[in-house]
Structure formats: structure tokens, C-alpha cells
1. Residues that are within 16 Å of the ligand (Cβ to nearest atom) and either within 18 Å of VAL410 (Cβ to Cβ) or more than 18 Å from the chain's Cα centre (by Cα) (or both): does region 103-116 have at least one?
2. Within region 388-398, which residues are surrounded by fewer than 21 Cβ atoms within 10 Å (Cβ to Cβ) and under 21 Å from the mean Cα position of the chain (by Cα)?
3. Quick one: which helices (runs of 4 or more DSSP H) lie wholly within region 296-382 and hold at least 1 residues that are closer than 19 Å to GLU397 by Cα, within 13 Å of the chain's Cα centre (by Cα) and not aliphatic (A, V, I, L, M)?
4. Based on what the data block shows, is GLY25 farther than 29 Å from THR357 by Cβ and either in contact with a Phe, Trp or Tyr (Cβ under 9 Å, 6 or more places away or on another chain) or small (Gly, Ala, Ser) (or both)?
5. Only residues that are over 21 Å from the mean Cα position of the chain (by Cα) and surrounded by fewer than 20 Cβ atoms within 10 Å (Cβ to Cβ): list them for region 70-85, please.
6. Looking only at region 12-52, count how many residues are in a strand (DSSP E or B) and in contact with a helix residue (DSSP H, G or I) (Cβ under 6 Å, 6 or more places away or on another chain).
7. Within region 253-263, identify whether any single residue is within 16 Å of the chain's Cα centre (by Cα) and either over 22 Å from GLU337 (Cβ atoms) or within 15 Å of the ligand (Cβ to nearest atom) (or both), and answer yes or no.
8. Let me confirm something: among LEU54, LEU98, LEU7, which residue is within 30 Å of LEU327 (Cβ to Cβ) and either buried (at least 16 other Cβ atoms within 10 Å of the Cβ) or of a type outside the set (Phe, Trp, Tyr) (or both)?
Amino acid sequence: MSPEQRLHITNASVLDVERGNVTPGQSILIESGLISAVGAYSDVERQAGGAPVLDAGGKVVMPGLIDGHVHVTAATADLGAMSEWSPNYVAAHSSRLLADMLRRGFTTVRDVAGADYGLAQAVEEGLFLGPRLIFGGKALSQSGGHGDMRTPGAVTHDDHPCCPAIAVICDGDVSVRKAAREQLRTGAHHIKIMLSGGVASPTDRVDSTQFSEAEITAIVEEAEAVNRYVCGHAYTARAVNRGLRMGVRCIEHGNLIDDESIRLFVENDAYLVPTLVTYERLKQDGAEAGLPVVSQEKVDLVLYAGLEALNKANKGGVKIVFGTDLLGDMQIHQNQEFAIRGRVQSAQEVLRSATLTAAELMGLEGKVGTLSAGAYADLLILNSNPLEDIAVLADPESTIDTVIKNGEPVSAD
Ligand SMILES: [Zn+2]
């Protein structure tokens, strides 16, 4: 939206995620891509003075959604194979994946391995249609860790920044600090590390712990030195609790957490980003999407515990962020996460995780995830009210009437 552009949305039923209510008959004034006023028509009208009007027709208007765990370069679930693709080809896929996410209602996404400053710049400059892209560059993995896609017989791993591998391999104090600094110097918003084994990696065990305590501490120190934070991939309570004790501020997945984890999350003011839809889809479509057999077998291990972990964390007062983690063609199921979470969380709790809490994790409170003056004009006009049934967001095609990012309506195709 160019600086002089304005838009006056009238007749909106504004959904307030904080209060958990909907106020009909509201006006929203947008100027230069930012929300400048929200309120009764008569109040906003004076300020709007002749700005173009978009009549929301009484529909529900809410802040644009935030997905706190995506991989916008993961055009395939076979991340090992992808690391040898042309970076230009991967970028072409990312352009498509980003546009699709925006059309599904996500106006901000947090990429936790893969996206770099170049993709963020492409979106920022309008070269690619997509959500605001909060990136961490490549993840950090130990040798044989979750970011190490080498088969047992392979020796080399290309860590060159231009290669589309989602992780760099680093071991020992000097190497992990350098790897963290290399991501941070490109403007990374966070550093992603692998704290345990995972599903999509060929040689590690899901129940392993990864990186030594000294290595984790060193990476946390590097991130905190520049006022950034470390997020860690971890499934088991052993790996999660170890990471939280070492200063990792955000845990990705956390399917197998225990009561001690809940205590550590709350005590350290840390965040949990469950990603439940990915296991449901990996089980159903994994093979077709390119997930190797050895990885398919790991899915069951983490699938069923995930909902119980979310329930436990929610009841225990942990700060929960919406995330999906889908790879390859499975990304079309991104919005199914809303329906899955609705089984154990209230609609307002799920909405909060995909707006206010996600914004807080990224340090973007008041800028995204809210419809208040001063925030980016990222919003959704909906045909139904997700506070009444959160599952409506699982069906974006029929639920979302219009996506607006930066004050501009996004075209449907
Ligand atoms: Zn992930």
C-alpha cells in the first residue's frame, strides 16, 4: 500500500481475541498499510473523510492469522533430496507456497529452518506474494542430528548458504558459535536448534538428546548477545526440559512433555509451539509426499502423545503458539490444525495462540495479531464466527471472504 493510500472498512463485526467477543457495526480506517482507527462508524467517519469504502456487510473481521512453525522452502518432504536442488528452483516453489499460505489467511509466518533474508526481502518488496516472513535462516544441528540429512554412508554435507539444505552441521564451541553468528549476521529473528531426534532425518533416534549442554549454552549466549532467542526442536520431556534449563525460549513440537516440563515452561516464561497436523498428515500422505520409509516408521511414536501434551500445557498455563510444520504437498492441510486443537482448547484459546501469543513470541506485539491502532493492516473478513466454532477456520475456502495484508485485499487466484 503506497503512503497516500487509505481504506475505510465499514459495517464490520470486529472480533476481539483478547476479550473473546464480537462487536457489530464497527469501522476500521487504514492509512499507509497501518490501522489508524477502529470504532463506531460515526467516530471513524470524521477521520476517514472521503477514503475509499469497503463494506464488510456485517461480516466478522479478525486479525490475520499467524503460523508459528512453517518451512516455506520445503517443497518436498524429502529434505535430503531437496538440499541438492537448484536454489532458484526452490525459490520458485517458495513463491507458490507463500502465496498459498496468505490465501489461507496467514498474514504472518515464522519459518523455523529454510527461509532466509532473501525470501523475506522478496515478500517485503512485493516480488513474491506472501505473508510477512519471520525467518531464522538455517537450523543448527549436530553431526547425526535432526538437521543432518546424510545417510550413514555419506560423508560430505554442503553447508554453503546458497544450497537449500535446511540446516548447517556444527559441533563444539567454536563451530556452534560461528554457525549461530552466520545466521544472525543475515538478520535472523531467531536461531533454531535441534535438541532431539526427529521424523524427517535418516540416522537419529526420536528419543535422543542432541547437542551438549555446553553447546546449547553457547548458542543461547550468541542469540541473547544480539537480543534474539533460541527455539529448539524437541519431542521428549528429557530433551525439552534440558533445553528449557539451558535457556531455550521456545520449544517446537514437545509431544512427549511431562509435569516437570510444564513447571519449567511457566518458570522460564517459555513458549510451546505444538504442530499436530503434521503427524496426522505424515501418517496419511507421508509416503506419497516423498517421506522416506525410515521416517514414516517414526511418525506413530509422536502422533498420539501430541494432543495430550497440548491439553496438559494448556491446563498448566503454558504460553502456546499455533504451528503446523507441514512439508511438501501436505502444506494444503495447514488450516486443519485449528480443528485438531479445538478438541482440547477453547476457540478463544486457539485464536489467541494464532494471534496475540504468536506476536508476543516474535516480539511483534501491537504490530501483528491485533486489530488496534498502530498495527499492520493485516486482517480477514470471514463468513462465519470462529469464536462459535473454531473448526470453521479449517475450511478457509468457504470461511474466508477476503484476506487483507498491509491494507490491500489479496486476490483469490
Ligand atoms: Zn519444523
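The values are calculated or read from the model by the stated rules, or taken from the named source; none is laboratory data. Keep in mind it's a predicted model, so treat the numbers as computed, not measured. Quick reminder, even Gly has a Cβ in these numbers, built from the backbone with ideal geometry, and neighbours come from all protein chains shown.
1. Keep residues of region 103-116 that are within 16 Å of the ligand (Cβ to nearest atom), which gives 106, 109-116.
Next, only the ones that are either within 18 Å of VAL410 (Cβ to Cβ) or more than 18 Å from the chain's Cα centre (by Cα) (or both) stay: 106, 109.
Within region 103-116, one or more residues are within 16 Å of the ligand (Cβ to nearest atom) and either within 18 Å of VAL410 (Cβ to Cβ) or more than 18 Å from the chain's Cα centre (by Cα) (or both).
2. Answer for region 388-398, where residues must be surrounded by fewer than 21 Cβ atoms within 10 Å (Cβ to Cβ) and under 21 Å from the mean Cα position of the chain (by Cα): ALA391, ALA394, ASP395, PRO396, GLU397.
3. On the way: elements: 305-315, 336-341, 347-353, 356-361.
Result: 336-341.
4. It is false that GLY25 is farther than 29 Å from THR357 by Cβ and either in contact with a Phe, Trp or Tyr (Cβ under 9 Å, 6 or more places away or on another chain) or small (Gly, Ala, Ser) (or both).
5. ALA81, SER83, GLU84, TRP85
6. Within region 12-52, the subset in a strand (DSSP E or B) is 12-16, 21-31, 34-40.
Keeping just the survivors that are in contact with a helix residue (DSSP H, G or I) (Cβ under 6 Å, 6 or more places away or on another chain) gives 27, 29, 37.
So the answer is 3.
7. Going through region 253-263, the residues within 16 Å of the chain's Cα centre (by Cα) turn out to be 253-254.
When the remaining residues are screened for being either over 22 Å from GLU337 (Cβ atoms) or within 15 Å of the ligand (Cβ to nearest atom) (or both), the result is 253-254.
Yes, region 253-263 contains at least one residue that is within 16 Å of the chain's Cα centre (by Cα) and either over 22 Å from GLU337 (Cβ atoms) or within 15 Å of the ligand (Cβ to nearest atom) (or both).
8. Values: LEU54 fails: within 30 Å of LEU327 (Cβ to Cβ); LEU7 fails: within 30 Å of LEU327 (Cβ to Cβ).
None of the other options fit; the residue is LEU98.
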